1. For a 25 Å ceiling on Cα separation, which of these pairs sit above it: K34/K173; K41/K101; K34/K62; K34/K120?
2. If you average the C-alpha positions of the stretch 130-206 and of the stretch 34-89 separately, how far apart do those two centres end up, in angstrom?
3. Taking every DSSP beta bridge with both residues inside the stretch 3-198, roughly what % is antiparallel (nearest 5)?
4. By per-residue mean of other Cβ atoms within 10 Å, what is the highest-first order of 132-141, 18-27?
5. Among H44, H121, which comes first, second and so on when ranked by fewest other beta-carbon atoms within 10 Å?
6. Lys and Arg at +1, Asp and Glu at -1: add these up for the other residues within a Cβ distance under 13 Å of A80 and post the number.
7. Given charges of +1 on the Cβ of Lys and Arg and -1 on the Cβ of Asp and Glu, with all other atoms neutral, how large is the dipole of the chain about its Cα centre, in debye to the nearest 20?
8. Just want the ordering: I97, I179, from fewest to most Cβ atoms lying within 10 Å of their own Cβ.
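Values in this text are rule-based calculations from the coordinates and carry no lab data. Because the structure is a prediction, the values reported are computed rather than measured. Cβ atoms come from the backbone with ideal geometry, glycine included; neighbour counts cover every protein chain shown.
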Amino acid sequence: MNEISKIVEQGYNKIAKDYYNYRDINKFNSELEKFLSLLPKESHVLDVGCGAGIPTANFLIKKGVQVTGIDLSETMLTLAQENVPNAEFIKMDINDIKFGKNTFDGIISVYTLFHLPKEKHFQIFKKFFEIVKPGGILLINTGILESEGTSIFFGVPMFWSNFKPKTTLDLVKRAGFSIISEGVLERGGEYQYWIFGKKNIYLNNK
């Protein structure tokens with residue numbers, strides 16, 4: 001595991017409970033509803049950076065979706081299993097995702113990508129394209145300003161890294177996804193850049 005992954009893992013292990021006690025868990029329900037509406041029935045979704053399983057995994061499980069969540073933080077994963085016992089949660093680094101091709105009907109990764117070095121984002125998007133099924137749906141968000149560095153977050157060091165939205169959009173397209181919608185949205189007093197994408201049935205990865 002690299003030093004940046006260690007910073008993120010150790011940070012969330014320490015702040016997990018405080019972070020989720022503070023967080024507005026309903027702030028992007030409209031995006032979750034839209035994501036759900038785009039999925040086929042009896043879907044299997046990968047929640048990348050699942051945290052404590054709330055709201056994403058919990059929301060989807062209650063709607064009848066099968067959910068596998070991955071995260072670096074063991075503390076978050078323990079909370080997730082308690083919060084959403086009917087989902088599957090696995091300790092896994094987003095930089096080393098181990099699932100087969102065409103495994104999932106949808107992939108969601110929100111409030112996660114900005115903890116990864118931006119030079120890794122394209123490889124991650126290509127991996128997402130590989131493991132989602134043809135016709136599968138992608139939902140991601142990132143920050144809105146290009147930056148990279150470490151700051152204090154809930155009292156611990158935390159790593160952040162973003163491209164500007166246009167670059168993120170271009171990388172998602174280059175990875176093979178067609179764009180359903182994209183834009184900067186304000187949720188819970190914060191602004192993030194959101195993308196809904198789709199792996200077209202006849203589109204090959206480039």
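1. Details: K34/K173 20 Å; K41/K101 20 Å; K34/K62 15 Å; K34/K120 27 Å.
Violating the 25 Å Cα-Cα cut-off are K34/K120.
2. So the two Cα centres are separated by 18 Å.
3. On the way: 22 of 39 bridges.
Antiparallel: roughly 55 percent of the beta bridges in the stretch 3-198.
4. Working: 132-141: 22.1, 18-27: 13.1.
Taking the mean over residues of other Cβ atoms within 10 Å, the ranking is 132-141, 18-27.
5. Numbers: H44 17, H121 22.
With the sparsest Cβ surroundings first, the list reads H44, H121.
6. Values: positive: K17, K91; negative: D47, D71, E74, E82, E88.
Around A80, the surrounding residues sum to -3.
7. Details: 25 positive and 23 negative charges, 130 e Å.
Taking the Cα centre of the chain as origin, the dipole is about 620 debye.
8. Numbers: I97 16, I179 13.
With the sparsest Cβ surroundings first, the list reads I179, I97.
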